[in-house]
1. How far apart, in nm, are the 7 Å Cα→Cβ label points at A26 and Q104?
2. Which option, (i) 111; (ii) 133; (iii) 99, is the value of volume of the Cα convex hull per residue in Å³ that was calculated from these coordinates?
3. I'd like the distance separating the alpha-carbon centroids of the range 10-36 and the range 70-93, in whole Å.
4. Give me the angle, in degrees from 0 to 90, between the Cα long axis of helix 3-12 and the longest principal axis of the Cα atoms of the chain, rounded to the nearest 10.
5. Can you tell me the dipole magnitude for the chain around its Cα centre, using point charges on the Cβ only (Lys, Arg +1; Asp, Glu -1), in Debye to the nearest 20?
6. Please list, in order, the residues from the range 35-69 whose amide nitrogen is less than 20 Å from a point placed 7 Å along the Cα→Cβ vector of K120.
7. Only counting other Cβ atoms within 10 Å, I'd like T35, T25 sorted with the fewest neighbours first.
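A short reminder: the numbers here are calculations on the coordinates, not readings from a lab. Please read these numbers as outputs of a predicted model, since none were measured by experiment. Note: ideal-geometry Cβ built from the backbone for every residue, glycine included; neighbour counts use all protein chains shown.
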Amino acid sequence: MDYLKFGKEILNAQPFSVLLGAELTAFEQGKAELTLRLEDKLKQQHGFAHGGVLAYLADNAMTYAGGSVLGNVLTQEMKINYTRPALGERLIARAEVVSSGKRQAVCRCDVFVIKDDEEKLCAAAQGTILSVEG
């Protein structure tokens, strides 16, 4: 299976992802990577990436990772820790499956901000991804 091609088709069918300009840059069984150019419209009043944008990236990257082992999925729950203000040109979210069973997968995701080709961790998340197939 060509995970990346399949994943890009799914991303293009998500109106919110298209609105933000998210790109799926890596996708394989148990792992996914989403990137997003940090435009002014995605920032809060201090010029940092809005926390909701970071949470979106973590959530979506984890559902890709979890979906790669479970099939059709939804996020059951998620927690995110913001570690530093995201100031830079791009955001990148890297997610991986930590543990999975038949119905759910626990995934984690690190979100980095890229400025001058240097990555800095700006958020860490963990979530439970649930299969919606019976």
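1. A separation of 2.8 nm, rounded to one decimal place.
2. (iii)
3. 12 Å
4. Taking the Cα atoms of the chain, the angle to 3-12 is about 60 degrees.
5. Numbers: 15 positive and 17 negative charges, 63 e Å.
My answer is approximately 300 debye.
6. Residues 35-55, 57-58 qualify, since their backbone N sits under 20 Å from the label point.
7. Numbers: T35 19, T25 15.
Ascending Cβ contact count within 10 Å gives the list T25, T35.
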